[in-house]
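Peer 1: A single structure is presented below for examination.
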Amino acid sequence: MASHTPPTGPDAFHPDLPDHDRDQDATAGSALPPRARLHHVRADALDGDTAQTGGMRRFAAISGSSVGSERIWMGQTHVAPGTASSDHHHGASETAIHVIEGHPEFVFLDDSGGAPEEIRIRTSPGDYVFVPPYVPHREENPRADEEAVVVIARSTQEAIVVNLPGLYVLGGEPDATPDAD
């Protein structure tokens with residue numbers, strides 16, 4: 001059996017690329033196009049200039065404007081103790097949520113039993129929640145002593161947020177327009 005010797009050097013697989021291991025911000029000032037390199041977004045560099053919903057604060061990490069993504073948006077949402085977001089949906093975007101801190105609750109309406117009923121999903125750190133496109137919902141943090149922090153990934157490059165006057169069952173949409181980023 002032949003043994004395999006791994007390549008050596010700063011980047012033995014791509015020797016023509018510069019060695020950024022020593023550079024603290026490897027993506028800054030790179031001559032490579034944005035989609036030909038990895039991007040490192042530091043925790044202290046999240047962008048709060050994104051669509052917002054009352055009662056919560058969103059911070060973009062991965063977006064079209066930050067790293068040139070075309071089909072995904074990712075960031076954090078912080079919900080202060082004892083608060084709830086406004087009712088909203090995320091347009092055509094699928095949303096995946098990972099709970100990092102706190103015990104946020106996710107609320108939506110379900111009419112599968114014949115009459116609309118408020119459903120509340122109670123979560124803990126480590127849990128995941130999936131929000132399908134256009135489903136009206138809100139996030140709540142009922143705890144008075146802890147902030148809730150979640151990581152969000154969306155199937156669009158930017159954070160689409162359509163704030164609503166109230167929850168409704170999908171299919172009974174009132175007119176609403178997306179907020180500008």
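Peer 1: If you take the residues in segment 145-163 that are within 11 Å of the chain's Cα centre (by Cα) and among the charged types (D, E, K, R), which one is surrounded by the most Cβ atoms within 10 Å (Cβ to Cβ)?
Peer 2: Per the criteria, the residue is 154.
Peer 1: Test residue 62 against the stated conditions and say whether it is within 23 Å of residue 155 (Cβ to Cβ), β-branched (Val, Ile, Thr), modelled with pLDDT under 95 and surrounded by 13 or more Cβ atoms within 10 Å (Cβ to Cβ). Break it down into steps so the answer makes sense when it comes.
Peer 2: Numbers: within 23 Å of residue 155 (Cβ to Cβ): yes; β-branched (Val, Ile, Thr): yes; modelled with pLDDT under 95: yes; surrounded by 13 or more Cβ atoms within 10 Å (Cβ to Cβ): yes.
Yes, satisfied.
Peer 1: Return yes when residue 54 is modelled with pLDDT under 70 and touching a Ser or Thr at 6+ places or on another chain (Cβ under 6 Å) and no when it is not.
Peer 2: On the way: modelled with pLDDT under 70: yes; touching a Ser or Thr at 6+ places or on another chain (Cβ under 6 Å): yes.
Yes: the conditions hold for residue 54.
Peer 1: Here's a follow-up. Taking the conditions exactly as written (outside any strand (DSSP E or B) and modelled with pLDDT under 90), does residue 69 satisfy them or not? Spell out how you get there, then give the answer.
Peer 2: On the way: outside any strand (DSSP E or B): yes; modelled with pLDDT under 90: yes.
The answer is yes for residue 69.
Peer 1: If we only count strands (runs of 3 or more DSSP E) wholly inside segment 76-170, which ones have 2 or more residues that are of a type in the set (A, V, I, L, M, F, W, C)? Give the steps one after another, and end with the answer.
Peer 2: Details: elements: 95-101, 105-110, 117-122, 128-131, 138-141, 148-154.
In segment 76-170, the matching strands (runs of 3 or more DSSP E) lie at 95-101, 105-110, 117-122, 128-131, 148-154.
The values are calculated or read from the model by the stated rules, or taken from the named source; none is laboratory data. The model shown is predicted, which means the values in this text are computed figures rather than measured ones. In this analysis, Cβ positions are derived from the backbone assuming ideal geometry, glycine residues included, and neighbour counts consider all displayed protein chains.
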